[in-house]
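Take a look at the structure below.
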Ligand code: GLV
């Protein structure tokens, strides 16, 4: 019985170390190195290479190494009987909330523009907006969205939220479903997307969505690249409907050289770092699920295949 860590980047050693520290008795293998494939019962994955899951004849479950699991559910090798689990982690939620707060404040005080001015030796005071005058609209009110709303609320922002189906209890206005989308958007000066990527949300940040926002609204996508129709964003920026955007995720990552976002003065870019799973914090919950799987006990943070998250 063993676990395999399957990812395509340079972070595997850190994860293996965290597994060893948490429980040296459990065998955890690196997908990229030779290991007994038949021993592996659970795979812990992050953007795993296509075809990797089918190499494990005794695989019984797949655990994501982050909050989003779209890349797992899209895998044609994923068997219907395999439970899929994701990470719900207090650091992941707090880090996301802090990133959003930092970016909203930077936008209100136009800090990115001053960076550009500095690089050109330009002294140019600009008008600014206050927290009290801005409503942040959160699309998606899962663990991350709710943490963001708490921090933004504590900082003095008004928030509103939109969810696709269920309406969670909240001390700010929450709109639900297709009929709630337009009124939600109409009140969002800053739109922050935290939705999971599913067939229903693919391309939801599109021309119609932008049209329903207040003139000059700001967009932040911290969820998944394909939620955004990139050409529609460029169009909305060019037409002045949106005053700017902050993007942490992209349809293609790394963002290819020559992509129009790189040079766009109104588009802030970060390389998918808004909130990054910390192995030391996340590994205990993966191991708890692994032990539960072996004992036939209840698994936590199970993903609904129907909902896609
Ligand atoms: C990050 O993108 C995650 O899904 O955890």
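The values are calculated or read from the model by the stated rules, or taken from the named source; none is laboratory data. Nothing here was measured: the structure is a model prediction, and the numbers come from that model. Because the Cβ atoms are built from the backbone with ideal geometry, glycine has one as well, and the counts that use them run over all protein chains shown.
Can we say residue 226 is within 13 Å of the ligand (Cβ to nearest atom) and crowded, with 17+ Cβ neighbours inside 10 Å? If you could, list the steps in order and put the result at the bottom.
Working: within 13 Å of the ligand (Cβ to nearest atom): yes; crowded, with 17+ Cβ neighbours inside 10 Å: yes.
Yes; evaluated as a whole, the condition is true for this residue.
Restricting the search to strands (runs of 3 or more DSSP E) fully inside the stretch 19-107 and requiring at least 1 residues that are closer than 18 Å to residue 305 by Cβ and more than 16 Å from the ligand (Cβ to nearest atom) gives 40-46, 61-64. Taking the numbered list (1) surrounded by fewer than 14 Cβ atoms within 10 Å (Cβ to Cβ); (2) closer than 30 Å to residue 27 by Cα; (3) more than 14 Å from the ligand (Cβ to nearest atom) in turn, residue 287 passes all entries but (1). In this entry, residue 301 passes the filter for residues that are modelled with pLDDT of 95 or more, within 24 Å of residue 197 (Cα to Cα) and outside the structural domain of residue 115 (by TED's automatic domain parsing). Filtered by the rule that a residue be surrounded by fewer than 21 Cβ atoms within 10 Å (Cβ to Cβ) and touching a helix residue (DSSP H, G or I) at 6+ places or on another chain (Cβ under 8 Å), the stretch 30-45 gives 30, 32, 37, 41.
When the stretch 138-181 is filtered for residues that are under 25 Å from residue 275 (Cα atoms), part of a helix (DSSP H, G or I) and more than 15 Å from the chain's Cα centre (by Cα), the ones remaining, listed by number, are 149, 150, 151, 152, 153, 154.
Got at least one residue in the stretch 199-206 being under 18 Å from residue 136 (Cα atoms), part of a helix (DSSP H, G or I) and either in the same structural domain as residue 165 (by TED's automatic domain parsing) or modelled with pLDDT of 95 or more (or both)? Checking the stretch 199-206: not a single residue is under 18 Å from residue 136 (Cα atoms), part of a helix (DSSP H, G or I) and either in the same structural domain as residue 165 (by TED's automatic domain parsing) or modelled with pLDDT of 95 or more (or both). Residue 156 - would you say it is loosely packed, with under 14 Cβ neighbours inside 10 Å and farther than 22 Å from residue 210 by Cβ? Yes.
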